[in-house]
Amino acid sequence: MTSFISTYENKVDKKGRVSVPAAYRSALGSEAYQGVIAYPSLTYPAIEGLGRGTLEELNRRRFDQSLEGGDFAQTLVGRSDDGLVETIMSLASELPFDGEGRIILPARLAEQAGITDCATFVGRGTRFQIWAPDRYLEHQTAEIAALRTRLSGGAT
């Protein structure tokens, strides 16, 4: 399974092109589709990114579970109870790598994430996120503070 780790910041040019970190491209290297599947985060002001293989595996598991559970209506109609997979599929874009390992960020995704001239790539295991650097710094600071509080049992 593909794993994305670490954090990188790259410039976005006037055409919306940004270089995907070499480590992420390497992680995606064995995929048949040479590019990124991207969709707006449903929880953060960021873009979610993953490989096509991961998306296909999630869809396959959902399909297999509906067959195993006897939910043939869901299998035929293609709508899960929460609609999460369907929503992600409908919002997702295929962003192929160019010869230099760049992708073009669709304007709607960049605007939603507040990305202009720089983008921060954040590894999240089986997926990664693309943030506006200032928004990510703010998010990371709050996330670390919350984790410290939780891990210390609430003591400050």
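The values are calculated or read from the model by the stated rules, or taken from the named source; none is laboratory data. Remember, it's a predicted structure, so these values are computed and weren't measured experimentally. Glycine gets a Cβ as well: all are built from the backbone with ideal geometry, and neighbour counts include every protein chain shown.
Just to be sure before I move on: is residue 97 surrounded by 16 or more Cβ atoms within 10 Å (Cβ to Cβ), touching an Asp or Glu at 6+ places or on another chain (Cβ under 8 Å) and modelled with pLDDT of 95 or more in the structure I sent? Against the criterion (surrounded by 16 or more Cβ atoms within 10 Å (Cβ to Cβ), touching an Asp or Glu at 6+ places or on another chain (Cβ under 8 Å) and modelled with pLDDT of 95 or more), residue 97 does not qualify.
Within the set 33, 44, the sole residue that is at pLDDT 95 or above and surrounded by fewer than 18 Cβ atoms within 10 Å (Cβ to Cβ) turns out to be 44. Within region 114-124, identify whether any single residue is modelled with pLDDT under 95, on the phi < 0 side of the Ramachandran plot and assigned to a loop (DSSP other than H, G, I, E, B), and answer yes or no. No, the conditions are met nowhere in region 114-124.
Candidates are the residues of region 125-153 that are basic (Lys, Arg) and part of a helix (DSSP H, G or I); the one that is surrounded by the most Cβ atoms within 10 Å (Cβ to Cβ) is 135. As a summary of the residue check, residue 80 satisfies the conditions (1) outside any helix (DSSP H, G or I); (2) at pLDDT 95 or above; (3) of a type outside the set (A, V, I, L, M) except for the one numbered (2). For region 103-124, a residue qualifies if it is surrounded by 14 or more Cβ atoms within 10 Å (Cβ to Cβ) and either closer than 13 Å to residue 10 by Cβ or touching a Gly at 6+ places or on another chain (Cβ under 8 Å) (or both), and the qualifying residues are 103, 104, 105, 106, 110, 115, 118, 119, 120, 121, 122. Is it the case that residue 87 is over 19 Å from residue 25 (Cβ atoms), free of Cβ contacts under 8 Å to residues at least 24 places away in the same chain and of a type outside the set (Gly, Ala, Ser)? Criteria not met by residue 87. Does residue 44 satisfy being more than 13 Å from residue 101 (Cα to Cα) and hydroxyl-bearing (Ser, Thr, Tyr)? For residue 44, the condition - more than 13 Å from residue 101 (Cα to Cα) and hydroxyl-bearing (Ser, Thr, Tyr) - is met.
Summed over region 4-44, the residues that are under 12 Å from the mean Cα position of the chain (by Cα), touching a residue at least 40 places away in the same chain (Cβ under 8 Å) and part of a loop (DSSP other than H, G, I, E, B) give a count of 3.
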